[in-house]
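Comments concern the structure below.
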Amino acid sequence: RELKETSGPHLQARHLKLALEETSKMALTHWKSVIAESKKELADTLKRFHDQDRHYAYWLLCGINRQFFELLDGRIPVPNPEVSFDRNYCLSYERPLSLKTLRCIAGIVRRTVNRVRRNSVCYPRTKTFHNRIDFDSSCYTVRSAEDAQLLELMSLQPGKRISLRLKGKSKIRGTLQLLRDTAGTYSLRVYVPQQCEERRKTGKVVGIDLGYTEMMATSEQELLGTDLGKYFSAIADKRGKNSEGRNRMHALFRSLLKKSGKNNLAKAERIRKHNLGRKKQRARYIQNIGIIKTLVNRELNLLFTRKINPIRAIVVEDLSARMKAHFGKKWNRRLSGWMRGYLQERIRYKAKKHGIEVNEVNPAHSSRECPRCHCTDKKNRRGDVFKCSSCGYHEHADLVAALNILGRLGDKEIRKGMSPSRVKAVLDGRHVGWKLLNETVTDRTSDEARVVSESPRSASSKSERRSDVQVCTAS
């Protein structure tokens with residue numbers, strides 16, 4: 001801007017500062033996510049390491065520091081034992097770390113970080129379907145007219161502002177966000193502080209299982225948002241059908257461009273203009289997503305604000321891990337449109353607003369575990385029907401999962417970060433214990449019944465009663 005190396009209008013200084021602040025926050029959040037995901041990937045590998053070697057690996061990932069970016073550049077960060085690795089990572093050194101050991105550990109960590117950056121946590125990119133610009137309190141002025149409210153925004157030309165006529169009147173404060181989507185609609189986002197209620201001290205603790213066909217199931221044997229799965233499937237199937245038609249149009253468009261002749265070029269231009277646009281497609285998608293968001297917020301408001309049996313705390317499943325299961329093409333498309341992140345965000349937001357405590361537990365095998373005998377056989381669940389193959393317990397699968405999630409609150413054996421295989425090992429041990437206890441109780445009951453039936457006292461009493469009956473008949 002100051003060197004004037006490019007022609008045309010430039011951002012004003014205040015807009016440039018806001019853009020740089022947002023960019024730096026976005027980059028900081030990205031690297032924090034990379035480090036957190038890398039620690040999860042290395043958790044099982046580092047268990048086989050020596051304490052000091054494990055400490056060096058965690059030192060490389062202790063934050064966005066100098067050693068982390070030296071590691072990404074291909075260098076081997078060398079710690080200084082005299083000043084410790086880091087103030088938060090103090091450890092007594094039993095042996096010096098050799099250069100070969102440092103190179104080996106640094107290579108493992110570097111490959112893990114690069115794999116996470118390539119597959120799991122990609123750098124965010126600007127979305128093409130909308131534009132957004134921020135305005136802080138020094139970049140706009142609010143004026144009131146007789147029948148409307150006017151908002152004057154800073155433009156690219158100094159001293160000249162753009163006047164917008166708002167629909168309705170409201171209190172505007174803080175930093176504003178002006179958005180324009182592909183449908184040509186402008187929307188203004190205003191920050192409004194929310195007043196949160198005090199933490200509830202009385203009420204029930206409810207387990208919640210998030211699902212696809214139903215929005216959620218509670219441990220109180222309630223299914224909420226039963227129509228949500230229909231909306232998800234209808235939207236995904238409609239978009240898939242439209243995408244197939246657009247792909248055919250794209251192929252025809254590319255083939256016409258390769259051919260010569262005015263007619264082919266004119267036909268390609270018509271296809272691009274009338275069949276490959278995104279304006280109507282984006283508007284339709286925004287409308288469908290708005291219906292789903294309305295349904296989600298309505299069900300959560302009814303759950304958290306009920307007067308009968310109020311809720312003090314909720315127990316939800318930790319769904320931060322990525323979905324690694326792969327199904328068919330149709331169901332992969334449907335599950336990709338499942339707004340799992342939005343559901344979690346709304347639950348946390350609504351719960352904090354109404355003073356409800358949120359607890360997260362490990363969800364591994366929660367929909368397969370029998371709440372009675374802890375059997376985790378794959379045959380237990382068939383769709384939405386749960387029937388235990390061991391004890392015969394049957395119920396709706398989502399309701400069973402909600403009961404198991406509630407039962408894992410405070411469970412010291414099943415922790416939040418445990419792998420599904422370790423969780424299954426714990427549940428299998430509980431199932432074996434239940435079977436042994438059940439067999440012992442059954443044998444004891446059968447033995448007592450056998451002793452009573454074979455006792456001489458019972459036999460003599462039977463003979464006495466029989467003789468009494470004979471005497472009465474004779475007389």
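The values are calculated or read from the model by the stated rules, or taken from the named source; none is laboratory data. Please read these numbers as outputs of a predicted model, since none were measured by experiment. Cβ placement follows ideal geometry from the backbone for every residue including glycine, while neighbour counts extend to all protein chains displayed.
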- request: Assess whether residue 277 counts as being surrounded by 11 or more Cβ atoms within 10 Å (Cβ to Cβ), modelled with pLDDT under 90 and not assigned by TED's automatic domain parsing to the domain that holds residue 184.
  value: yes
Residue in region 79-96 that is surrounded by fewer than 10 Cβ atoms within 10 Å (Cβ to Cβ) and either modelled with pLDDT of 85 or more or within 30 Å of residue 10 (Cβ to Cβ) (or both) present: no
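Confirm whether residue 100 is at pLDDT 90 or above and in a helix (DSSP H, G or I). Give the steps one after another, and end with the answer.
Working: at pLDDT 90 or above: no; in a helix (DSSP H, G or I): yes.
No; evaluated as a whole, the condition is false for this residue.
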message: Under 7 Å between Cβ atoms, which residue pairs at least 6 apart in sequence (or on different chains) link something in region 12-33 that is in contact (Cβ under 8 Å) with a residue 24 or more places away in the chain with a partner that is part of a loop (DSSP other than H, G, I, E, B) and among the charged types (D, E, K, R)?
response: 18/136
message: Can you find a residue that is part of a helix (DSSP H, G or I), surrounded by 14 or more Cβ atoms within 10 Å (Cβ to Cβ) and not assigned by TED's automatic domain parsing to the domain that holds residue 406 anywhere in region 211-218?
response: no
task: Quick one: residue 115 ticks every box in (1) closer than 29 Å to residue 20 by Cβ; (2) touching a residue at least 40 places away in the same chain (Cβ under 8 Å) except a single one, so which number is it?
output: (1)
- request: Search region 374-394 for residues being more than 27 Å from the chain's Cα centre (by Cα) and under 21 Å from residue 217 (Cα atoms), and hand back the single one that is surrounded by the fewest Cβ atoms within 10 Å (Cβ to Cβ).
  value: 394
message: Can you tell me which of (1) modelled with pLDDT of 90 or more; (2) touching a strand residue (DSSP E or B) at 6+ places or on another chain (Cβ under 8 Å); (3) not assigned by TED's automatic domain parsing to the domain that holds residue 417 is the one residue 367 doesn't meet?
response: (1)
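For region 156-210, enumerate the residues that are among the acidic types (Asp, Glu), loosely packed, with under 14 Cβ neighbours inside 10 Å and assigned to a strand (DSSP E or B). Even if it seems obvious, please write down each step before you answer.
Step one: filter region 156-210 for residues among the acidic types (Asp, Glu), giving 181, 197-198, 209.
If we keep only those that are loosely packed, with under 14 Cβ neighbours inside 10 Å as well, we get 197-198.
Correct list: empty.
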- prompt: Looking at region 219-228, which of its residues are closer than 16 Å to residue 344 by Cα and either assigned by TED's automatic domain parsing to the domain that holds residue 409 or part of a loop (DSSP other than H, G, I, E, B) (or both)?
  reply: 225
query: Can we say residue 230 is charged (D, E, K, R), without any contact (Cβ under 8 Å) to a residue 60 or more places away in the chain and touching a Phe, Trp or Tyr at 6+ places or on another chain (Cβ under 9 Å)?
result: no
query: Just wondering, is there one or more residues in region 192-202 that are in contact (Cβ under 8 Å) with a residue 12 or more places away in the chain, closer than 26 Å to residue 367 by Cα and of a type outside the set (Gly, Ala, Ser)?
result: no
task: For residue 174, indicate whether it is in contact with a strand residue (DSSP E or B) (Cβ under 8 Å, 6 or more places away or on another chain) and under 24 Å from residue 21 (Cα atoms).
output: yes
